[in-house]
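Engineer: Here you go, one structure.
The values are calculated or read from the model by the stated rules, or taken from the named source; none is laboratory data. Since this is a predicted model, take the numbers as computed values, not measurements. As a convention, Cβ positions derive from the backbone with ideal geometry for all residues, glycine included, and neighbour counts pool all protein chains shown.
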């Protein structure tokens, strides 16, 4: 079963592909202090909901990078509906192949996609390079709320060093010479709402598309994912937004 197909279906009903609290996100948007014409880069932008919001609210010009063509198409359609199509460029390209000039953006964003750079340390380094002095870097990423159980790591197909703690995320930005300006974490309610909608969307798809050759595999995968979240994920994995200034 193709991973991109599964994640695209699972996120159909979600504007943001992460357990973000819209109210907290609005607070962060205020702190970016963008103005008309400011340039914003979003790496791993998904459907580009944040870029569209920044273009709509501040008149900023956005560039979104992602490798999922379905998400990018949804982003373009959303930008057109909201009247900001001319302000957002959508590029199907990997972060490593993006030819943006150093210090050419007023803000650099990577929410839930630091793997596009390799590691979260690489993401901090890359965003800091593309953002001008005085600009902002916003990173959203998962973190360990406690040491993960080995069986949980096995279920995820992950290793413990792929993520750090909440404080470790802040430290990673500071280590790249950035100034820590604020951090916000998703609540249990945020996580529950995200996971429920994620799973239910897959279950609904499977129920209404029994002819899909991947239906049985998807049904099994999402049932296992629900059980994994209840048993380990809810108490182990957090998600945070981290805002930095570029000196």
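Engineer: Which condition from (1) surrounded by 13 or more Cβ atoms within 10 Å (Cβ to Cβ); (2) outside any helix (DSSP H, G or I); (3) out of contact with any strand residue (DSSP E or B) (no Cβ under 8 Å at 6 or more places or on another chain) is the one that residue 240 breaks?
Structural biologist: The failed condition is (3).
Engineer: Moving on. Would you check which residues across region 51-73 are touching a strand residue (DSSP E or B) at 6+ places or on another chain (Cβ under 6 Å), outside any strand (DSSP E or B) and surrounded by 22 or more Cβ atoms within 10 Å (Cβ to Cβ) and list them?
Structural biologist: Scanning region 51-73 gives 51, 54, 55, 60.
Engineer: Restricting to region 11-28, count the residues that are assigned to a helix (DSSP H, G or I) and in contact with a helix residue (DSSP H, G or I) (Cβ under 7 Å, 6 or more places away or on another chain).
Structural biologist: 0
Engineer: Are any residues in region 73-97 closer than 15 Å to residue 125 by Cα and modelled with pLDDT of 95 or more, and if so, which ones?
Structural biologist: Residues satisfying the conditions do not exist here.
Engineer: Let me ask another. I need the full set of residues from region 9-50 which are surrounded by fewer than 18 Cβ atoms within 10 Å (Cβ to Cβ) and at positive phi, in order please.
Structural biologist: Across region 9-50, the qualifying residues are 33, 37.
Engineer: Only one of 177, 173 is closer than 28 Å to residue 27 by Cβ, touching a residue at least 40 places away in the same chain (Cβ under 8 Å) and in a loop (DSSP other than H, G, I, E, B). Can you tell me which?
Structural biologist: After ruling out the rest, the residue left standing is 177.
Engineer: Oh, and also: Which pairs turn up if I take residues in region 150-167 that are within 14 Å of residue 232 (Cα to Cα) and look for partners that are part of a helix (DSSP H, G or I) with beta carbon separation below 6 Å, at least 6 apart in sequence or on another chain?
Structural biologist: If the second residue must be part of a helix (DSSP H, G or I), the pairs left are 152/232; 155/228.
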